[in-house]
1. Within the range 23-43, restricting attention to residues that are in a loop (DSSP other than H, G, I, E, B) and farther than 13 Å from residue 5 by Cβ, which residue is modelled with the highest pLDDT?
2. Name the residue that is surrounded by the fewest Cβ atoms within 10 Å (Cβ to Cβ), counting only residues in the range 26-56 that are more than 14 Å from the chain's Cα centre (by Cα) and without any contact (Cβ under 8 Å) to a residue 12 or more places away in the chain.
3. Test of understanding: among 59, 76, which residue is within 22 Å of residue 6 (Cα to Cα) and either part of a strand (DSSP E or B) or over 15 Å from the mean Cα position of the chain (by Cα) (or both)?
Amino acid sequence: MGNTWSMTGEKRRVAGDVQPEAFHRSERATGQFVQHMPLPVDVDEHNVHADYTDGLLMVTLPKAAKAKPKQIAVQVS
């Protein structure tokens with residue numbers, strides 16, 4: 001899909017002993033899901049990193065070298 005980040009997953013039912021008051025926010029019901037997000041720049045797909053800790057998914061998408069701005073040295077005399 002070009003310059004798009006896609007994520008698929010499945011949210012399962014929580015154990016019956018967990019009370020609804022224990023949740024701060026629950027965005028989706030149970031079942032499978034697919035999420036697509038367009039990316040504003042090209043990504044170095046070989047250095048993408050994802051980490052899931054304590055219910056938080058952190059995805060690192062580093063810019064590709066061609067997407068980084070050029071630096072031009074200016075000499076002042």
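The values are calculated or read from the model by the stated rules, or taken from the named source; none is laboratory data. Nothing here was measured: the structure is a model prediction, and the numbers come from that model. For neighbour counting, all protein chains shown are included, and Cβ atoms are generated from backbone atoms with ideal geometry for every residue, glycine included.
1. Within the range 23-43, the match that is modelled with the highest pLDDT is 30.
2. My answer is 54.
3. Values: 76 fails: within 22 Å of residue 6 (Cα to Cα).
Sole residue among the options that is within 22 Å of residue 6 (Cα to Cα) and either part of a strand (DSSP E or B) or over 15 Å from the mean Cα position of the chain (by Cα) (or both): 59.
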